[in-house]
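Here is the structure we will look at, set down as structure tokens.
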Amino acid sequence: MRILVPTFLGALMALGGAQAQLFPEDKAAYTCNSAMNYTCEIESFFGFVNSRSGRRSPSFNRVRGKRGVLAGDSCLAGQLTESGVQMLLNTGMQLRDIYGTALDLAHIPKEPKVMFRSTDVPRVYESAAAFAWGMFPELTNEDPADVMDITVVDERSDSMKPSDTVCPGLEEALDEFYESAEAKERAEWGSSLREIIGKTTGYSPIYRTDDPKQMYNLYTFPTECWVAHACPTVPSSPKAVPPEFDEGLMRSIQREAAYWVNNRYSTSSKLRRLAYGPFIEDLLEDLKEDRRRLSVYMGHDFGPANSVIDPLQLTWMDSGNRCASILPPFGAMLMMEIYTDKKVRFIYNGRVASVENIKECSGK
């Protein structure tokens, strides 16, 4: 069985740092109107808050060779909040109840039967540890560093998200896409939406562009901040998106963000191969390990789950909607159940999904 978990918004988000290139005023608040400020908190959470490990994060095996507790330097790099930790603990416990007996899972995860892998981001490998604590109860009885390993690959070598350093040529292929008629038409189509965003946030000059290369930043950074306000795992105030964005408008913004973050990679066979190929190759290699019973991949909204959801065109069978049509929320989970009779079932966020990109699997 393989579990791919995008962890997103488990940390606090702030406009600043990497976002300063887009928003020239490096401030941790954005003004929605003259009467209300929406502030993104910037407090860091070091390790686990009120955790059973005594406020310590477990150690990790890392390809760079460093071993030890890695405290993030800001909320943008990310630490899980207490409620985020509890959510993943609960998920791990529920999955053990469902799959523990069938997979013959021990009380402590051990290679090669069980493999945990995470990206090199604090909130992500903390998510992996919280999930493991829930799924493997005896981990709570001693220092997890002594009893389990989490593989964390150097960012420049990590295939769990689309990367030009992993698959050279990806950036060039993206540039070709940005010059395509599809990209230009999509950017122009969203101009009225961006006009509303610019007016509401006070950044109208920045949003007056139809340059496809700018769309990723224009949609993703503000969207992360707004969604963080409504996310139950983030201590933000107020607990709402700006009142100017009603449900329909917010849905449109999130749909555009999904397109410019993830769906751009599915606009050509070349982009799919360069963006998703490296992780799919890793996943297929993992499937060759016949002693494996459980693999857990922890990542982000842009990978690794999307590297499977998008190219396979996973579609919820109950609604007929594409799973990749929205960005994964915090704690989203794709499960790939593999059976001894060589059958496979995909479950995304608790709902069975069909593989529409393979004719023989469509609708099944």
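Worth a mention:
- Of the set (1) farther than 22 Å from Leu95 by Cα; (2) exposed (fewer than 15 other Cβ atoms within 10 Å of the Cβ), all apply to Val344 but (1).
- Scanning segment 104-119 for residues that are within 20 Å of Pro304 (Cβ to Cβ) and assigned to a loop (DSSP other than H, G, I, E, B) returns Pro109, Glu111, Pro112, Thr119.
- Considering residues of segment 279-320 that are in contact with a Lys or Arg (Cβ under 8 Å, 6 or more places away or on another chain) and β-branched (Val, Ile, Thr) only, the residue nearest to Ser118 (Cα to Cα): Val296
- Within segment 267-287, the set of residues being farther than 30 Å from Gly198 by Cα and not in a helix (DSSP H, G or I) comprises just one member, Ser268.
- Conditions (1) assigned to a loop (DSSP other than H, G, I, E, B); (2) on the phi < 0 side of the Ramachandran plot; (3) basic (Lys, Arg); number of the one not met by Arg345: (1)
- When Gly303, Gly277 are checked against the criterion of being touching a residue at least 12 places away in the same chain (Cβ under 8 Å), closer than 29 Å to Val85 by Cα and surrounded by 15 or more Cβ atoms within 10 Å (Cβ to Cβ), a single residue qualifies: Gly303.
- Cβ-Cβ under 7 Å pairs, at least 6 apart or on other chains, segment 239-266 side closer than 14 Å to Ser192 by Cβ and part of a helix (DSSP H, G or I), far side modelled with pLDDT under 80 and hydroxyl-bearing (Ser, Thr, Tyr): Ile253/Thr223
- For segment 288-312, a residue qualifies if it is in a loop (DSSP other than H, G, I, E, B), farther than 17 Å from Glu337 by Cα and not aromatic (Phe, Trp, Tyr), and the qualifying residues are Asp301, Asp310, Pro311.
- In the set (1) surrounded by fewer than 18 Cβ atoms within 10 Å (Cβ to Cβ); (2) within 30 Å of Leu103 (Cβ to Cβ); (3) at pLDDT 85 or above; (4) not aliphatic (A, V, I, L, M), the condition left unmet by Pro137 is number (3).
- Positions within segment 191-212 being surrounded by fewer than 16 Cβ atoms within 10 Å (Cβ to Cβ), modelled with pLDDT of 95 or more and in a helix (DSSP H, G or I), in sequence order: Ser191
- Taken together, the criteria place Gly92 among residues that are part of a helix (DSSP H, G or I) and within 18 Å of the chain's Cα centre (by Cα).
The values are calculated or read from the model by the stated rules, or taken from the named source; none is laboratory data. Keep in mind that this is a model prediction, so the values were computed, not measured. Neighbour counts are summed over all protein chains in view; Cβ atoms, including those assigned to glycine, are modelled from backbone coordinates with ideal geometry.
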